[in-house]
Amino acid sequence: MTRLLIIDDDLSVRQSFSRYLTDMEFEVVAVSSAEEGLALLAHESFQVAVVDVRLPGMDGDIFIPQAHEIQPLLGYILVTGSASYQPSASLVKMGMQPSQVFRKPILEMESLVVAINKVAARGKE
Amino acid sequence: MSANVRKTSIRKRLVGLIMLICTVAILLACSAFFSYSWLNLRSRQVRDLSTHAALMASTCQVALAFDDAVDGSEALTSLQATPTTAYGLLMRPDGSSFAEYRRLGFALSPQARPDETGFRFDSDWLVVEKAILLNGEKIGSVFLQSDLSELTAFYQQSAITIFIIIVAVLLIIYVLTLRLQGVISTPIAQLAQTASQISGAKDYSTRAQKHANDEIGELTDAFNDMLEQIEKRDQALRQGAELLRATFESTGDGLLVIDATGKIAEYNDNFVKMWQISEDVLATGDINKMIASVSREVLDPGGFKQKIEQLTQSDSESIDEITLKGDRVFERVSCPLIMDGRATGRVSSFRDVSESKKAAHELNSLRSLLSNVIDSMPSIIASIDTEHRVLLWNREAAILTGVSPEQAKGRKLPSLLPQMSQQLERLQEAIAQRNPQFKRALPVESDDQNRFWDLTIYPLVSNGVEGAVVRMDDVTERVRIEEMMIQSEKMLSVGGLAAGMAHELNNPLAGILQNVQVLRNRLLGDLRANQAAANACGIDLTAIADYAAKRDLPQTIDTILSSGKRAVRIIENMLNFSQKSDDHFAAHDLAKLLDDTLELAANDYDMKKKYDFRKIEIARHYQADTPKVMCESVKIQQVFLNLLKNGAQAMTANNAPRRARPRFDLRVSADQELVQVEVEDNGVGMDVDCAKRVFEPFFTTKEVGVGTGLGLSISYFIITENHGGTITVETQPGKGARFIVRLPQRRQLREVAS
Ligand SMILES: Nc1ncnc2c1ncn2[C@@H]1O[C@H](COP(=O)(O)OP(=O)(O)OP(=O)(O)O)[C@@H](O)[C@H]1O
Ligand SMILES: [Mg+2]
């Protein structure tokens, strides 16, 4: 079963992700900050992380390179409230695709599931 | 009169003197002559008679010796030959008569015998006795008597004649003297007369007449000389006095001379006029009365009087000022009047310095005002000469450069202001061509950041001073504010919602919309978890689906989702506006941009509250297929939004014309170069003054809090500065307003700050 790490500081958003994705039969662990996420990654392995960009403390796009150090095979989905967000150069270098960036609110959650499966499949190769 | 007396007395004295001298001289001469001849005659008589007697003695010697009386008598008879011998006698030694002769008719009178000298004179006669000697023995003597009466008579006669002659001569002398004394006395008299005339009439131009080249002539010359000198001196004195008087009167100052006794000695007209002293007071010559009358004019009469007292006692110079009523000020210069080393009074001059004081004061305050103005300017102001050397350096310049005005003077401007070193051509142009030079927002790299300066170079051509005034304003803030204004106005124009807030809205929206999808999934989705939960509750999933369909739950959920989508779209639009647009020029269809903006405006929540766009009739007059225009869509949309918002406000304003339904007429048309967009409303419109000012920043007629007055100024800036287009307005009060935007199809960059 694919293990997902959800990082979002907004409770209702976090809940919507974990409920929806659990229904879609992913194994979901949700935390509210990048720091918690990093701590979790040290002990448990995940296939895909769904990360909010703007977070209290460490931002999502800072978290990703550090998480990559811990679990190089981990795949990522970025979620942001900003319309003008562009992935940083280092993320693009890591192979980040526009299809991995989602704008909040996500109006078609199915598209998120498709993207997660795609990223998880990439990690398995 | 006295001169006359003196004059006659000189003449008389002269005549008298001459007469006296002549008389004495003549008398002396005559008497000398007379006496001489008299004595001479007498001695001759004596000699003659003695000779005669000696002769007689020798003749009669024999007769006596022989005692021959006849012979003796005979001898005596020879005496007849000399008629003057009136008597002869031969005597014996004993004195007895021997022989005698007697002239006829001669009455012998008792005669005195001659003394030892052998003769004797009487008035009328002369007697001589001579001894007759024989062999040394006296044998007798001869006695002769001469009759002098005739002689005496002759002398008497002569004396009378001489006297007459003397008298006649004196007469003649008198007449001559009378005649000739004039030679001497006339010049003197005339001199005297002239002198008396001069002393009487004081006319020193009179001259004495010179008569001869003698001492009197010399005297006359000397006198005339003296007169001339006196006349010259007199003239000089008079001229001096006149000059002094003229000077006294011609000076603009009021002059007053007080003598040693404290009386008014002199004053000029100006003095009287300045102090407005009445004739009566002046006539008294009383200084105290004058002071009393004058001190009424003075602001501080006590001090004034005290100062006068002080001055009277002092013998030094003093300069002071007297303040009078009515803002007048006199300057007083008071000097002691020194004559022959003694103070004989004081001269005071008064000058009305009110005007000059006022003028000086005004000049001073004007000068300080000017320098204050120049110093208070928040600009660098420097004036330079043709060599670019600094003449004037204001405070701001000193503060910004750290170079004080004193240090700056004479130094070259570019060395003080590095900003200017790139602008030497402009300086040259301004000075040489006398063309003012302006440069807006000149970018200058300084050590930490780019700053912008407005530069004005104004040529100086006044009063022969050539050069220029350089003014520099640091407009970095303004340039930044201009950019910030656009930015902030954008946010305000999309319903007063900040971009950050729009961003923030996305999270709660996500909470709603994503959870709705969870809800839909768990209600209607084909999930294993749904099945498990239904089984656990003993409910059939299809029954739940039926129920949901019957209760329109899927549609309701979809409505939520579509509403959410709309909200997302609005936020997207707003976020669009909040983007800092750096050079997003692209080809856009203005008609589409206008429509998009209209939709945005209609959806603007804040705007909706105030005026419902759906109630506004919108008439589109779009020319088909207008060319696309190179522009920044966001900014152009912002302009359109401003126009639409203003129009909507104008049409829904309380004083808007109520007859017609609010209506926008929107037009888009194009020619070769331009695309023109018109936004016309039928609102309140504007009067001419208003229309002139609408594009001014912060010009608003709306209440505080309602309008910032920035909308149109930002629009103006965007259209003209960013896009090289134009924006104008046509309007009349009560007849609505039509804003016309013209944009060039190809991009025409107008530099803002470079
Ligand atoms: N269509 C119009 N009809 C009549 N008056 C107008 C119209 N458009 C603008 N004005 C006048 O021009 C003024 C300036 O407009 P501008 O958009 O610059 O500022 P504002 O609308 O007052 O403030 P803000 O734009 O911040 O709401 C307005 O106050 C209004 O008096
Ligand atoms: Mg406005």
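The values are calculated or read from the model by the stated rules, or taken from the named source; none is laboratory data. Keep in mind it's a predicted model, so treat the numbers as computed, not measured. Neighbour counts run over all protein chains shown; Cβ positions are idealised from the backbone, glycine included. Heads up: the accessible areas ignore ligands, DNA and RNA and are worked out on the full protein's heavy atoms, side chains in. Shrake-Rupley method; radii C 1.70, N 1.55, O 1.52, S 1.80 Å.
Among the residues making up region A:42-67, those that are touching a helix residue (DSSP H, G or I) at 6+ places or on another chain (Cβ under 6 Å), open to solvent by 10 Å² or more (accessible area, probe 1.4 Å) and within 14 Å of chain B (Cβ to nearest Cβ) are A:Val53, A:Leu55. Of all residues in region B:235-248, those satisfying the criterion of being open to solvent by 60 Å² or more (accessible area, probe 1.4 Å) and either within 18 Å of B:Trp275 (Cα to Cα) or among the basic types (Lys, Arg) (or both) are B:Arg238, B:Arg245. Within region A:6-41, being facing chain B (nearest Cβ under 7 Å) and of a type in the set (A, V, I, L, M) holds for one residue alone: A:Val13. What residue, among those in region B:510-552 that are in contact (Cβ under 8 Å) with a residue 24 or more places away in the chain and either open to solvent by 60 Å² or more (accessible area, probe 1.4 Å) or among the hydrophobic types (A, V, I, L, M, F, W, C) (or both), is farthest from the other protein chains (Cβ to nearest Cβ)? Applying the filter and picking the extreme gives B:Ala548.
If you check B:Leu337, B:Leu363 for being under 31 Å from the mean Cα position of the chain (by Cα) and either among the charged types (D, E, K, R) or surrounded by fewer than 16 Cβ atoms within 10 Å (Cβ to Cβ) (or both), only one passes: B:Leu363.
Every residue, every condition in (1) surrounded by 19 or more Cβ atoms within 10 Å (Cβ to Cβ); (2) at pLDDT 85 or above, yes or no:
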{"position": "B:Leu256", "(1), (2)": "yes, yes"}
{"position": "B:Lys263", "(1), (2)": "no, no"}
{"position": "B:Met274", "(1), (2)": "yes, yes"}
{"position": "B:Leu282", "(1), (2)": "no, no"}
{"position": "B:Ile291", "(1), (2)": "no, yes"}
{"position": "B:Leu299", "(1), (2)": "no, yes"}
{"position": "B:Lys307", "(1), (2)": "no, yes"}
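If you check B:Gln676 against the conditions, is it in a strand (DSSP E or B) and either more than 14 Å from chain A (Cβ to nearest Cβ) or away from ligand 2 (no atom under 16 Å from the Cβ) (or both)? Spelling it out, B:Gln676 is indeed in a strand (DSSP E or B) and either more than 14 Å from chain A (Cβ to nearest Cβ) or away from ligand 2 (no atom under 16 Å from the Cβ) (or both). Looking only at residues in region B:159-179 that are open to solvent by less than 70 Å² (accessible area, probe 1.4 Å) and without any contact (Cβ under 8 Å) to a residue 60 or more places away in the chain, the one that is nearest to B:Ala81 (Cα to Cα) is B:Thr161.
Of everything in region A:79-95, what is more than 14 Å from chain B (Cβ to nearest Cβ) and outside any loop (DSSP other than H, G, I, E, B)? Give them in sequence order. Of everything in region A:79-95, those that are more than 14 Å from chain B (Cβ to nearest Cβ) and outside any loop (DSSP other than H, G, I, E, B) turn out to be A:Ala89, A:Ser90, A:Leu91, A:Val92, A:Lys93. Within region B:655-670, does at least one residue satisfy the condition of being of a type outside the set (Ser, Thr, Tyr), modelled with pLDDT under 90 and within 16 Å of ligand 2 (Cβ to nearest atom)? Yes, region B:655-670 contains at least one residue that is of a type outside the set (Ser, Thr, Tyr), modelled with pLDDT under 90 and within 16 Å of ligand 2 (Cβ to nearest atom).
Only a single criterion out of (1) without any contact (Cβ under 8 Å) to a residue 24 or more places away in the chain; (2) in contact with a Lys or Arg (Cβ under 7 Å, 6 or more places away or on another chain) is not satisfied by B:Asp94, namely (2).
One line per residue, one yes/no per condition, for (1) modelled with pLDDT under 95; (2) touching a helix residue (DSSP H, G or I) at 6+ places or on another chain (Cβ under 7 Å); (3) closer than 18 Å to A:Ser18 by Cα:
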site	(1), (2), (3)
A:Ala34	no, yes, yes
A:Glu69	yes, no, no
A:Leu73	yes, yes, no
A:Ala83	yes, yes, no
A:Met96	yes, no, no
A:Leu107	yes, yes, yes
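When restricted to residues that are away from every other protein chain (no Cβ under 14 Å) and not in a helix (DSSP H, G or I), region A:102-125 contains 1. For A:Val92, the criteria (1) among the β-branched types (Val, Ile, Thr); (2) more than 29 Å from B:Asn521 (Cβ to Cβ); (3) modelled with pLDDT of 95 or more hold in every case but one, which is (3). The set of residues in region B:679-692 being open to solvent by 40 Å² or more (accessible area, probe 1.4 Å) and assigned to a strand (DSSP E or B) consists of B:Glu680 alone.
Residues in region B:59-90 that are touching a residue at least 40 places away in the same chain (Cβ under 8 Å), under 18 Å from B:Gly136 (Cα atoms) and open to solvent by 10 Å² or more (accessible area, probe 1.4 Å): B:Gln61, B:Leu64, B:Ala65. Looking for whichever is at pLDDT below 95 and not in a helix (DSSP H, G or I) here; the options are B:Ala650, B:Ala624, B:Ala601. Which one fits? After ruling out the rest, the residue left standing is B:Ala624. Given the condition within 14 Å of ligand 2 (Cβ to nearest atom), modelled with pLDDT of 85 or more and either open to solvent by 70 Å² or more (accessible area, probe 1.4 Å) or touching a Phe, Trp or Tyr at 6+ places or on another chain (Cβ under 6 Å) (or both), answer yes or no: does some residue in region B:705-720 qualify? Yes, there is a match, as at least one residue in region B:705-720 is within 14 Å of ligand 2 (Cβ to nearest atom), modelled with pLDDT of 85 or more and either open to solvent by 70 Å² or more (accessible area, probe 1.4 Å) or touching a Phe, Trp or Tyr at 6+ places or on another chain (Cβ under 6 Å) (or both). When region B:213-229 is filtered for residues that are aliphatic (A, V, I, L, M) and open to solvent by less than 60 Å² (accessible area, probe 1.4 Å), the ones remaining, listed by number, are B:Ile216, B:Ala222, B:Leu227. Cβ separations smaller than 7 Å between residues 6+ apart or across chains give the following pairs from region B:721-743 residues that are more than 24 Å from B:Thr652 (Cβ to Cβ) to residues that are hydroxyl-bearing (Ser, Thr, Tyr): B:Thr726/B:Thr720; B:Arg742/B:Thr726. Which of the residues spanning region B:691-704 are away from ligand 2 (no atom under 13 Å from the Cβ) and either small (Gly, Ala, Ser) or at pLDDT 85 or above (or both)? Once the filter is applied, which keeps residues that are away from ligand 2 (no atom under 13 Å from the Cβ) and either small (Gly, Ala, Ser) or at pLDDT 85 or above (or both), region B:691-704 yields only B:Ala691.
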